[in-house]
Amino acid sequence: MLERNLQSVANHLILSLAVADLLVACLVMPLGAVYEVSKEWRLGADLCDMWTSSDVLCCTASILHLVAIALDRYWAVTDIDYAHQRTARRIGYMIIIIWTLSVLVSIAPLLGWKDPEWETRVYQDLQCIVSQDVGYQIFATASSFYVPLLVILFLYWRIFLAARKRIRRRQQV
């Protein structure tokens, strides 16, 4: 933020990614370390909800930022005019979409999308894990991992093809 040379529009995505990763380090990892060392959850259901939701929120946001960065790079490579279309507003909309989708994925268990054994697991078994409801698990893993993975692979494959095409065209000249 202080270095003028780094204040390009494209770096707004990287800054937002850094915020997501910093939130993982500040909100998720300390409680995760306590839980890992103690081997049981004695911090109550509310903190368990907050911790698991923060984990899903920050990790989903981090992964979706990687999708947005891949999309930005894809447009930069395949659309000659994209450099002029890359505005702070457009990147800002991408960041808003990323965080909104992340909130939607992470808030579902807080709104009741939990498996029936959740309370037993937290209060009696002293375990704090993300909702094990099959529907939520499919929704969360698909939207936070598998779909972004496929999109990133597709975009970087297309970038590779575009770069190879440019190199071959340059070699023919």
Does Arg169 fit the bill of being loosely packed, with under 13 Cβ neighbours inside 10 Å, out of contact with any Lys or Arg (no Cβ under 8 Å at 6 or more places or on another chain) and more than 23 Å from Cys48 (Cβ to Cβ)? yes
Filter result (aliphatic (A, V, I, L, M) and either touching a strand residue (DSSP E or B) at 6+ places or on another chain (Cβ under 7 Å) or at pLDDT 90 or above (or both)) within region 99-134: Leu101, Val103, Leu104, Val105, Ile107, Ala108, Leu110, Leu111, Leu126, Ile129, Val130, Val134
So, in region 52-98, of the ones that are at pLDDT below 95 and among the β-branched types (Val, Ile, Thr), which residue ends up surrounded by the most Cβ atoms within 10 Å (Cβ to Cβ)? Ile91
Filter region 1-18 down to residues that are open to solvent by less than 70 Å² (accessible area, probe 1.4 Å) and part of a helix (DSSP H, G or I), then give me how many there are. 5
Within region 99-138, of all residues that are among the polar types (S, T, N, Q) and exposed (fewer than 15 other Cβ atoms within 10 Å of the Cβ), the one farthest from the chain's Cα centre (by Cα) is Gln124
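The values are calculated or read from the model by the stated rules, or taken from the named source; none is laboratory data. Remember, it's a predicted structure, so these values are computed and weren't measured experimentally. Here the Cβ is made from the backbone with ideal geometry for all residues, glycine too, and neighbour counts use every protein chain on show. In case anyone asks, the SASA skips ligands and DNA or RNA and just uses the protein heavy atoms, side chains included. Shrake-Rupley method; radii C 1.70, N 1.55, O 1.52, S 1.80 Å.
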